[in-house]
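Engineer: There's a structure below that I have some questions on.
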Amino acid sequence: MTTPSADDLLVLLAVARSGRYVTAADELGINHTTISRRIATLEQSLGGRLLVRVAGGWELTDMGRSALSAAEAVESAVRGLSSDPDGGRPLSGVVRMSATDGFSAYIAAPAAADVQRNHPDVSVELVATTRRATQQRSGLDVEVVVGEPQVHRAKAIRLGDYCLGLYGSRDYLARHGTPAARADLTGHPLVYFIDSMLQVDDLDLARAVAPGMRESVTSTNVFVHVEATRASAGLGLLPCFMADRHDDLVRVLPDAVALRLTYWLVTRSETLRRPEVAAVVDAIEHRMRELRDVLLGTDRH
């Protein structure tokens, strides 16, 4: 074994956080071949494998996790050189996250804006998608999913609950009547996800609401659900925190149809130790607490 290079340790840190050589290369401003060469040199210095190839990227070995602690110490020391006179460390960098459409718009985006106001050198990239947590978070720092995730070598944080309710436009209800009981829902058109394309088990709720309802406008995007319901395409099974923003929507059978789901945040433990990622996660958790009643549909805005 020889003394490892601090530069090589920082390369390992970038690969560990992104799970991909290409992403690490982009972040460090070097090419993919240099990343590979630096990792090989570091492995030779330490006398063992630091990364193992998995589907979609790279994961740390046990030796790699030990080396990561040294890499984080190097990063901390470098950041300390640019601390402001009061001892604070300016945060910088890009935080990439994926989340559902509604969460991205009403939780993540305002939280990211708060972070950016306090830390102008931090930028947040939001990928809006509704899916299960991926086993390999290549290119992503944070994922927000619906339902408790089953993940490997990652940290899952329970963010909080939200509620789905059944809504109709005032015009639709005036023309077709307001259901007074769950049995009255039979025959009404339902606005919801495309059943064959739904990837999240916890969102497979249409049959639980009313088996006799027929499909109307369906989509992979929840904003389409809201607008189709407002346009009188049928009764929409909608997140309360989105539907309650619209005065032209009326909640139907609020006691009989109230489906509670949970948002979870998934990230690598080593990624969460990055100050800029921790700042984004803290801001998201703060907004979830702030909007608790709105998310549960008990405080209509």
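Here, each number is a calculation from the coordinates, and none is a lab measurement. From a predicted model like this one, the values you see are computed outputs, not experimental measurements. Positions of Cβ are backbone-derived with ideal geometry, glycine not excepted, and every protein chain shown enters the neighbour counts.
Engineer: Starting from 0.36 nm per residue, how many nanometres of slack lie between residue 184 and residue 40 once their C-alpha separation is accounted for?
Structural biologist: 45.2 nm
Engineer: On a 0 to 90 degree scale, rounded to 10, what angle separates helix 275-290 from the longest Cα axis of the chain?
Structural biologist: 20
Engineer: Which value in nm describes the separation of the simple spin-label points at residue 248 and residue 54, placed 7 Å from the Cα toward the beta carbon?
Structural biologist: 4.7
Engineer: Quote to one decimal, in nm, the extra length available between residue 32 and residue 171 on full extension: 0.36 nm per residue of separation minus the C-alpha distance between them.
Structural biologist: 44.3 nm
Engineer: When the dipole is taken about the Cα centre of region 178-301, and only Lys, Arg (+1) and Asp, Glu (-1) are charged at their Cβ, what size is it in debye, to the nearest 20?
Structural biologist: 80
Engineer: If you put +1 on each Lys and Arg Cβ and -1 on each Asp and Glu Cβ, how big is the dipole of the chain around its Cα centre, in Debye rounded to 20?
Structural biologist: Computed charge dipole of the chain: roughly 480 debye.
Engineer: How much net charge surrounds residue 106 when only the other residues with a Cβ under 9 Å from the Cβ of residue 106 are counted, with Lys and Arg +1 and Asp and Glu -1?
Structural biologist: Here the charged neighbours net out to +2.
Engineer: Something else: Once R0 is set to 51 Å, what does the formula 1/(1 + (r/R0)^6) return for the Cβ-Cβ distance between residue 5 and residue 219, expressed as a FRET efficiency to the nearest 0.05?
Structural biologist: Efficiency at R0 = 51 Å is approximately 0.50.
Engineer: For the chain, modelled as a Gaussian network with Cα springs under 10 Å, which listed residue fluctuates most, 268, 17, 37?
Structural biologist: In the Gaussian network model the winner is 37.
Engineer: Return the distance in nm (one decimal) between the two label points of a simple spin-label model at residue 148 and residue 296, each offset 7 Å from Cα along Cα→Cβ.
Structural biologist: About 2.0 nm separates the two model spin labels.
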